[in-house]
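A short worksheet on the structure shown next.
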Amino acid sequence: MSTVRVAALQMRSGMEVEGNVAAFEALVREAAGRGAVYVQSPEMTGILVRDRQTLFERIRPVGENPLVQQARALARELSLFLHVGSTAIPLDGGKVANRAFLFGPDGALITTYDKIHMFDVDLDKGESWRESATYAPGGETVVATLPFARLGLSVCYDLRFPQLFRAQALAGAEVLTVPAAFTRQTGEAHWHVLTRARAIENGAWLIAAAQGGRHEDGRETYGHSLIVDPWGRVVAEAGHDEPAVIVADIAPGAVAEARAKIPNLKNARDFAVAEAAYGQERAAS
């Protein structure tokens with residue numbers, strides 16, 4: 001069974017774009033040096049800052065964005081598929097896109113993806129996030145055809161919405177991607193369970209590059225970047241929250257094997273939801 005070497009970059013992006021781009025470049029070069037032909041970086045590779053005013057002062061549109069420009073150049077120079085997990089891109093109307101970019105080995109932009117699900121949550125210990133106050137949600141999922149596999153794109157909080165990944169799998173995705181900046185407390189509770197579940201229920205590879213550690217804006221992210229096989233086994237992991245590169249040789253053919261053993265994509269059926277309540281007898285059909 002033929003294989004392809006893939007890599008996930010674990011980062012600790014901060015508030016200075018130039019420093020983040022330099023850290024990104026160093027990790028991409030390390031991944032390429034280890035033989036990776038597909039490299040994925042985490043969510044918010046270019047800047048990670050909570051303060052809205054600071055964010056708007058420092059981000060740039062696509063044509064002027066130093067991370068986008070550097071990623072394009074690196075993909076071409078190193079002849080690899082380079083997936084910027086996401087970065088902040090200003091939009092009209094005072095909002096921002098949480099946007100992924102996928103470049104080919106010729107430096108051409110294959111596709112972009114804007115994060116669909118906004119992280120609006122209230123966690124324990126007073127930790128609260130309202131991503132929708134700054135970011136505009138995307139409206140469509142993306143499946144990209146690469147020479148070695150069909151690739152489904154998502155970002156972070158999308159991981160909690162299995163219907164997104166099921167739609168990608170039904171559209172032919174063999175590799176699911178989840179670049180992320182999971183908070184420490186949600187990561188400790190759910191990261192491994194959710195990533196493995198998405199891989200298992202879709203019989204697909206899953207690659208998840210993560211942010212990790214304490215960031216300049218005070219947040220803490222979980223790290224533990226992962227590569228999971230279609231049977232739900234973790235084949236590579238950064239078992240910490242420090243910057244790192246993880247690599248694995250994935251076999252796209254393993255997807256067909258897993259889906260043949262458990263053909264749940266084919267076995268799925270439409271169904272209705274019936275209502276029932278104590279004290280209201282339901283007539284037998």
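The values are calculated or read from the model by the stated rules, or taken from the named source; none is laboratory data. Remember, it's a predicted structure, so these values are computed and weren't measured experimentally. Glycine also receives a Cβ, built like all others from the backbone with ideal geometry; neighbour counts cover every protein chain displayed. The protein model used for the area step is the full one, side chains on, heavy atoms only, and it has no ligands, DNA or RNA in it. Shrake-Rupley method; radii C 1.70, N 1.55, O 1.52, S 1.80 Å.
Residues that are open to solvent by 10 Å² or more (accessible area, probe 1.4 Å), within 23 Å of LEU9 (Cα to Cα), among the acidic types (Asp, Glu) and modelled with pLDDT of 95 or more: does the range 243-251 have at least one?
Looking for residues that are open to solvent by 10 Å² or more (accessible area, probe 1.4 Å), within 23 Å of LEU9 (Cα to Cα), among the acidic types (Asp, Glu) and modelled with pLDDT of 95 or more, one finds at least one in the range 243-251, hence yes.
Exactly one of (1) more than 28 Å from VAL6 (Cβ to Cβ); (2) in contact with a Lys or Arg (Cβ under 8 Å, 6 or more places away or on another chain); (3) not basic (Lys, Arg) is unmet by ALA284. Its number?
(2)
Pairs please, first residue from the range 93-111 and more than 21 Å from TYR38 (Cβ to Cβ) and open to solvent by 40 Å² or more (accessible area, probe 1.4 Å), second anywhere and part of a loop (DSSP other than H, G, I, E, B) and at pLDDT below 95, Cβ atoms under 9 Å, 6+ apart in sequence or on different chains.
Matching pairs, first to second residue: LYS95/THR134.
Restricting to the range 194-216, name every residue that is open to solvent by 50 Å² or more (accessible area, probe 1.4 Å) and in a loop (DSSP other than H, G, I, E, B).
Within the range 194-216, GLU216 is the sole residue that qualifies.
Quickly run through the range 151-193 and pick out the residues that are open to solvent by less than 30 Å² (accessible area, probe 1.4 Å) and aliphatic (A, V, I, L, M). Quick ask: steps written out before the conclusion?
Narrowing the range 151-193 to residues open to solvent by less than 30 Å² (accessible area, probe 1.4 Å): 151-156, 158-159, 164-165, 168-169, 172-173, 175-183, 186-187, 191.
Residues satisfying the conditions are LEU151, LEU153, VAL155, LEU159, LEU164, ALA169, ALA173, VAL175, LEU176, VAL178, ALA180, ALA181.
Just to verify a result, which residue in the range 112-134, among those that are modelled with pLDDT of 95 or more, of a type outside the set (A, V, I, L, M) and farther than 26 Å from ARG29 by Cβ, is least open to solvent (accessible area, probe 1.4 Å)?
In the first step, residues of the range 112-134 are kept if they are modelled with pLDDT of 95 or more; the result is 112-117.
Applying the additional criterion that residues be of a type outside the set (A, V, I, L, M) yields 112-115, 117.
Subset that is farther than 26 Å from ARG29 by Cβ: 114-115, 117.
Details: ASP114: 36, LYS115: 4, HIS117: 37 Å².
My answer is LYS115.
Within the range 252-267, restricting attention to residues that are touching a residue at least 40 places away in the same chain (Cβ under 8 Å) and assigned to a loop (DSSP other than H, G, I, E, B), which residue is least open to solvent (accessible area, probe 1.4 Å)?
PRO252
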